[in-house]
């Protein structure tokens, strides 16, 4: 990922929006997708933890949940809240008989605003 701009992906899936929502919010399904153990408290202000099978750890903070439509969280490498933090926006839109899944990951940059609120959530 370029540190200067977001990475955006959109894919049309042959699945109903409810199934796609469950896939991106259920810890077991999300763990399989990320290739890491994921604990996610699905509420604004909820903590998130990602433990990679390679030993890596990332912490996160859920910013926004619009049930069935949108999930936004920040995540960062353990111990480096203001360095390497990104904001992930997952949006689900019904289209025909399927769903469009859009994911945008945006670097938060360095400086005081990048880690705002992150240290509290990592405890």
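The order of 56, 31, going from fewest to most other C-beta atoms within 10 Å of their C-beta, is 56, 31.
Counting every C-alpha pair in segment 7-121, the share spaced more than 23 angstrom apart comes to 28%. Placing dummy labels 7 Å off each Cα toward the beta-carbon, the span from residue 91 to residue 33 is 1.6 nm.
Between residue 13 and residue 42, the C-beta separation translates, for a Förster distance of 25 Å, into a calculated FRET efficiency of about 0.80.
Taking 0.36 nm per residue of separation and subtracting the current Cα-Cα distance, fully stretching the chain between residue 69 and residue 22 would add 15.9 nm.
No lab work stands behind these numbers, since they all come straight from the coordinates. If you're wondering where the values come from, they're calculated on a predicted model, not measured in any experiment. Glycine also receives a Cβ, built like all others from the backbone with ideal geometry; neighbour counts cover every protein chain displayed.
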